[in-house]
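What follows is a short report on a single structure.
The values are calculated or read from the model by the stated rules, or taken from the named source; none is laboratory data. Being a predicted model, the structure only gives us computed values, none of them experimental. Neighbour counts run over all protein chains shown; Cβ positions are idealised from the backbone, glycine included. For the accessible areas, the whole protein counts, side chains as well, though only heavy atoms, and no ligand, DNA or RNA atoms are used. Shrake-Rupley method; radii C 1.70, N 1.55, O 1.52, S 1.80 Å.
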Amino acid sequence: MKNILASAIGIWLLAGLFVSAAVSETDLSDIQMRLLKSDMLRADFQQEKNLRALSRPLLSQGELLFIAGEGALWRVVEPFAVAVLMKSDEIIEWDDEGGMRRVDTNLNPVLHTLGEIILATLAGDTQFLKQIFDVSPTVSEHGWGLFLKPKSEELGAVISDVQIFGDHFVEQVLIRETNGDITKLQFSHFGVGPFELNEFEQRHFSQ
């Protein structure tokens, strides 16, 4: 089975600057107001992962479906068809041959925290991110950015820092891991619910 779990976790993290608490609270409130809130969100994504061991980046693209309280389904269509369902307490992978693997994130505190971060980011929950990271927000008329640095040594041993950019939606995430690997994720073609799930989505969310 291809290592989809590593790519999915790599999908969300990067860098740390610091400002005063008063400025941070004001800018975070502005970001919360600009984000469009919905219990259901669709988007296309493109991921570029640069690994120190490889001379060329790994490229993939697909579709994302986020449902509040249920999780996020990543459907990779290129370069091969795979799917990853991220929930608050587990991650389920399906490879291109239909094989399935479950990972109980409660058994791994760092992995559990990473899953919570991803779901909080999709939900636009900046207050939750403040519990995990030192956050430096920037806001302009053209959009906003969040620069994140892990607070705990445990998470900091895996993630170096995180950058998230967007406007009404999260549009780009840059991730830098402590081992030197860097991931860039772009989101586009957003759609907000409510809407009916297709057969593929129904089947995978029912697991």
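Some points to look at:
- Number of residues in the stretch 175-187 that are open to solvent by less than 30 Å² (accessible area, probe 1.4 Å) and touching a helix residue (DSSP H, G or I) at 6+ places or on another chain (Cβ under 9 Å): the value is 4.
- Scanning the stretch 165-187 for residues that are under 19 Å from residue 127 (Cα atoms) and either of a type in the set (A, V, I, L, M) or outside any strand (DSSP E or B) (or both) returns 167, 168, 169, 170, 173.
- Output for the stretch 90-100, where each listed residue is within 14 Å of residue 207 (Cβ to Cβ) and in contact with a Phe, Trp or Tyr (Cβ under 8 Å, 6 or more places away or on another chain): 100
- Among the helices (runs of 4 or more DSSP H) confined to the stretch 94-164, the ones with at least 2 residues that are modelled with pLDDT of 80 or more are located at 126-132, 153-156.
- Subset of the stretch 38-66 [hydroxyl-bearing (Ser, Thr, Tyr) and loosely packed, with under 15 Cβ neighbours inside 10 Å]: 55
- Any hit, the stretch 188-203, residues being touching a residue at least 12 places away in the same chain (Cβ under 8 Å), in a loop (DSSP other than H, G, I, E, B) and surrounded by 15 or more Cβ atoms within 10 Å (Cβ to Cβ): yes
- Among the candidates 172, 127, residue that is of a type in the set (S, T, N, Q), farther than 16 Å from residue 27 by Cα and open to solvent by 30 Å² or more (accessible area, probe 1.4 Å): 172
- Looking across 99, 115, 69, one residue alone is open to solvent by less than 20 Å² (accessible area, probe 1.4 Å) and not aliphatic (A, V, I, L, M). It is 115.
- Some residue of the stretch 55-74 being charged (D, E, K, R), closer than 18 Å to residue 184 by Cα and in contact (Cβ under 8 Å) with a residue 40 or more places away in the chain: no
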